[in-house]
2 protein chains.
Amino acid sequence: MSRKVLVVDDEAPIREMLVFVLEQNGFQAIEAEDYDSAIAAMVEPYPDMVLLDWMLPGGSGIQIAKKFKQNEHTRKIPIIMLTARGEEEDKVRGLEVGADDYVTKPFSPKELMARIKAVIRRVSPTSLEEAIKVHGLRLDPISHRVTSDGSELDMGPTEFRLLHFFMTHPERVYSREQLLDNVWGTNVYVEDRTVDVHIRRLRKAIAPLGHDRLVQTVRGAGYRFSSKL
Amino acid sequence: MSRKVLVVDDEAPIREMLVFVLEQNGFQAIEAEDYDSAIAAMVEPYPDMVLLDWMLPGGSGIQIAKKFKQNEHTRKIPIIMLTARGEEEDKVRGLEVGADDYVTKPFSPKELMARIKAVIRRVSPTSLEEAIKVHGLRLDPISHRVTSDGSELDMGPTEFRLLHFFMTHPERVYSREQLLDNVWGTNVYVEDRTVDVHIRRLRKAIAPLGHDRLVQTVRGAGYRFSSKL
DNA sequence: ACTAAGTATGACATTTTTATGAAAGTGTAA
DNA sequence: TTACACTTTCATAAAAATGTCATACTTAGT
C-alpha cells in the first residue's frame, strides 16, 4: 500500500531513471532536484519514503534529512540515501542523522527495489498502517476491515482502497482523474466515469449507518470526503 | 489547456493514425517525419508535448530528444517516446535523455491518450491554493467550500469561480467582458448580460449573512468585490 | 416628473453533469 | 470447467447548472 516515494537528486538522468524504476514497480514518484524543492515536498500528501542523494551541491543532502527528521509529521518517513562508492564516512554520517539505509551508486534496479521494500516493510507497521476513524466509521488497513459502530461493512477491494484514500485525505476535493491516479494507479487506463460507479458502490457499502454522507459530490469538481456534512 | 502535440514518425500511416487519434481527443497535431522537420517545429508557437518515434532511420530519435532538452525554450516540453516491444534498453536510454514516458507499439488509442493526459497533468501541477477570508466569508479552493461564519454556502460552479476570482482580485472594478474573460475563459461566446444573472445568483448565495454587500455594482463600469461597504 | 440607459430578477428551455441499474468482460478458486 | 466476485463500460434516468429573455427597477440627467 505504500506508494509515494520522493526522489531527490540533482542529476536529471539519474532522477528519471529512479522514477522509471519506481514506477515500474508500482510506486508513485515525486521528484525534487534541490534543497528547496525537496522541502517543498514536505507537505500533504506526505511521501511514504525518501530516496535522497547525499551528494547534492552544497552538501544540502544532509540538511534535507535533518529537516525531515525535525518535522513532526515527516519524522517517521524512512530515508534511503544514495552515496558514491567508498564514501564510508558519509554513510556513517547519514545514519547518524537518521537515514534508514543507504545504497551505493551505481546500483541495480533490483537491488534498489529490494532495499526500498525492506525499509518500508520495517516501518510500515507504524507509519502508515494505523486504523483511521471518522464519525464512527473505522478503517483498519492491517486487518483490512471497515467497521461502522462495531458492525463490519462489506465492500470490494477498489471501494476499500478508495475509502482508504479518502480517509487519509479528507476535506479536499479530488477530480475523477486524480482519484484514478491515486487509487487505481498511474498506469491504469479506465474511463473517468468508472469512478462514479465505484463511488456509488462505496456509498452503498457505508450507507447502513448513514456514513454515505461523508462521501460528497462536488459538482463540476469531483468528490470529497468530509466529516462536515 | 495544452493543445499542440508534435508527432514525429517516419511512417506516414502510423503518423496519420496518431494524428487522427489526437484530433479526435481535441488536440492539435503537428507532423514531422524526420530529424529536420522535427527540429523545424522547435519554434513558436511551441508544441505542448512531443510524441517521438524512437526508431527513426539513422537513430535520430534520440538526437531530436537531446535537441529539445538542450534548448532553453523547449527543455520542459514533455516527450513521450514510441518504442517497439521489448526494447528495454531503448526505454532506459530514452528516459536518461529526458523522455517523460514511453508507449510501446502497438498501442491502443485509449492507452496513448491516457499517457498523454497523465504526462501533461504531471507537468502542470495544480498550485496549492490557500483559503481566502474576507469579512467572515471564507473560500477554500482545496476543499472547494465557501463558508460564512461557519455555515456552508451552496452555489453553482460558475458562481464559485466568480467568487474565487473576485476574492483574489478585490477592490477593483471589472467590466462584464473582463469577467467573462477571466471567469468563463477567453473565446467563449456568451452575452455580456449573462454576467448580471450570475452576479445575482452569487449574491443570493452569499446573502444569508449579508455578504452580498461585498459584491458591488459600479454603474456604467461593471462590478467590484470590496470589503469597503 | 419624465426619459433614457443601465441593472435586477424571475422564469424557462437547453445543455451538462451525476446517479444508477444492468450488461459484458476478467480473473480466480474450487 | 463452472461458479463467483469484481470491474468496467454502457444506456438511461435524474438532477443541477447555464444562458437568454421579458419585465420590473434604479439612477442620472433634463
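Suppose we keep only residues that are in a loop (DSSP other than H, G, I, E, B) and either over 23 Å from B:G150 (Cα atoms) or of a type in the set (F, W, Y) (or both) within region B:199-229. Which one would you say is least open to solvent (accessible area, probe 1.4 Å)?
Quick first cut of region B:199-229, residues in a loop (DSSP other than H, G, I, E, B) only: B:210, B:219-221, B:226-229.
Those still in the list that are either over 23 Å from B:G150 (Cα atoms) or of a type in the set (F, W, Y) (or both) too: B:219-221.
Values: B:R219: 225, B:G220: 92, B:A221: 45 Å².
Going through the qualifying residues, I end up with B:A221.
Cβ-Cβ distances below 9 Å connect the following pairs, each with a first residue in region B:137-149 that is of a type in the set (K, R), a second residue that is outside any strand (DSSP E or B) and open to solvent by less than 20 Å² (accessible area, probe 1.4 Å), and a separation of six or more residues or different chains: B:R145/A:S226.
The single condition among (1) within 17 Å of A:G222 (Cα to Cα); (2) within 18 Å of the chain's Cα centre (by Cα) that A:F160 does not satisfy is (1). Scanning region B:199-229 for residues that are more than 8 Å from DNA strand C (Cβ to nearest atom), of a type in the set (G, A, S) and more than 14 Å from chain A (Cβ to nearest Cβ) yields B:A207, B:G210, B:S226, B:S227. Condition first: among the hydroxyl-bearing types (S, T, Y), under 30 Å from A:V190 (Cβ atoms) and within 12 Å of DNA strand D (Cβ to nearest atom). Can you find one or more residues in region B:128-149 that meet it? So far as region B:128-149 goes, no, none of its residues is among the hydroxyl-bearing types (S, T, Y), under 30 Å from A:V190 (Cβ atoms) and within 12 Å of DNA strand D (Cβ to nearest atom).
For region B:175-198, filtered to residues that are open to solvent by 50 Å² or more (accessible area, probe 1.4 Å), part of a helix (DSSP H, G or I) and farther than 18 Å from A:G220 by Cβ, the residue that is farthest from DNA strand C (Cβ to nearest atom) is B:D181.
The values are calculated or read from the model by the stated rules, or taken from the named source; none is laboratory data. Everything quoted here is computed from the prediction, not taken from an experiment. Cβ: placed from backbone, ideal geometry, glycine included. Neighbour counts: every protein chain shown. Accessible surface is based on the protein model in full, side chains and every heavy atom, while ligands, DNA and RNA are left aside. Shrake-Rupley method; radii C 1.70, N 1.55, O 1.52, S 1.80 Å.
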